[in-house]
Ligand code: KG4
Ligand code: ZN
């Protein structure tokens with residue numbers, strides 16, 4: 001690998017592969033420019049079961065990984081031999097699902113004699129912002145909100161982070177998915193709760209999310225339980241209630257605090273830029289809130305476009321670029337990890 005490190009390019013062509021959950025994705029970037037960005041999703045099949053069934057996901061990845069990669073290379077107009085590195089999610093996620101993408105990437109990297117770059121999925125979500133703004137540079141504060149993580153980070157350099165806080169229990173996306181179930185909405189819940197919330201008013205009183213005074217520690221379990229209790233009480237008493245109002249009230253209770261705390265962190269850390277990543281950042285209400293609060297404080301806001309907030313391979317290639325530039329390559333013995341710490 002040392003020879004490869006010595007002839008590193010400033011703007012390498014990197015293939016990204018993602019298969020940690022129910023999307024099989026491949027993308028090609030050159031520097032921070034996206035050349036292609038392809039996804040084959042098994043979400044529709046998973047929705048029949050109300051959530052992701054790991055074995056169905058693994059089989060779907062096996063069927064899709066070759067095709068999605070071929071499509072990404074074709075759309076990019078890149079031959080395999082022109083690739084400089086293969087970046088692939090190796091955790092966190094469903095083990096069987098991860099192994100499909102990882103094994104495929106290893107074979108490709110080995111066959112082509114180019115570096116393999118193992119990427120932590122959550123760091124991929126953070127790196128999506130680099131694709132949105134080619135001039136983006138740390139330091140900045142990032143709000144991360146996905147199905148598995150909710151955190152506020154101080155990003156000091158492209159590879160150094162400080163976690164300022166996060167959730168004690170459910171992640172924001174997980175809370176959306178659970179509340180969606182109570183409202184009889186399909187999986188994945190987030191986009192459906194958002195659509196329903198647009199028809200309602202934030203009129204149901206729900207508990208605040210923050211634990212203790214100040215800080216950046218969240219808890220979604222009290223909020224989720226309050227929504228469940230509200231709905232059950234109304235139904236037991238035979239009283240009328242509005243699903244849309246519950247969705248709107250939950251959405252604002254769950255998201256206002258994330259936007260407020262991200263902005264507070266940027267002010268406290270004296271950084272002038274806020275970025276965000278993860279599926280929940282696709283939420284239009286949250287995007288508007290972040291934009292309004294950052295605007296009011298004179299902070300620059302970099303939000304990945306919605307399709308780069310939910311799982312995709314361009315973000316994996318983007319984190320691959322960070323690691324390529326830092327010379328952080330992976331051995332072919334790299335294993336998939338169901339759990340990976342963020343930092
Ligand atoms: O980042 P992601 O695609 O996968 C993980 O790494 O977890 O995030 C998926 C999560 C799901 O919980 C989904 O309900 C939530 O993001 N989500 C949303 C929206 N779109 C996706 N939550 C709220 N509003 C949305 N528009
Ligand atoms: Zn994700």
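Dividing the convex hull volume of the alpha-carbon atoms in the range 220-280 by its residue count gives 97 Å³ per residue. Shape call for the range 1-147 from the C-alpha gyration tensor, a ≥ b ≥ c root eigenvalues: rounded (a/c under 1.5), prolate (a/b greater than b/c) or oblate? Cα axes put the range 1-147 in the oblate bin.
Report the full-extension gain for the segment residue 82 to residue 300: residue separation times 0.36 nm, less the Cα-Cα distance, to one decimal in nm.
Taking residue 82 through residue 300 to full extension adds about 74.9 nm, to one decimal.
For the chain, calculate the relative contact order in percent as a whole number, restricting contacts to Cα pairs under 8 Å that are 6 or more residues apart. The value is 25 percent. For the chain, the longest principal axis of the alpha carbon atoms and the long axis of helix 314-325 meet at an angle near 50°. A Cα-only calculation for the range 300-343 places Rg and Dmax at 13.3, 41 Å. Once both axes come from the Cα atoms, what is the angle between helix 284-297 and the longest principal axis of the chain, in degrees from 0 to 90, rounded to 10? Taking Cα atoms only, the helix is inclined about 90 degrees. Per-residue ellipticity at 222 nm from helix content only, as computed over the chain with -39500 (n - 2.57) for each DSSP H run of at least four residues, stands at -14000 deg cm²/dmol. Separation of the range 215-236 and the range 64-118, taken as the distance between their Cα centroids, equals 41 angstrom.
Helix 95-112 and the longest principal axis of the Cα set of the chain meet at an angle near 20°.
Quick one: Debye curve from the alpha-carbon atoms of the range 137-308 only, equal weights, vacuum; give me log10 I(q)/I(0) at q = 0.10, 0.18, 0.20 Å⁻¹ to two decimals. Per q value, in the given order, log10 I(q)/I(0) is -0.37, -1.10, -1.31.
Within the chain, the proportion of Cα pairs with more than 27 Å between them is 45 percent. Of the residues 218, 176, 329, the one with the fewest other Cβ atoms within 10 Å heads the list, and the complete ranking is 329, 218, 176.
Every number here is computed from the coordinates shown, using simple stated rules; none is lab data. Small disclaimer: the values here were computed from a predicted structure and weren't measured. Positions of Cβ are generated from backbone atoms using ideal geometry, with glycine treated the same way; all protein chains shown enter the neighbour counts.
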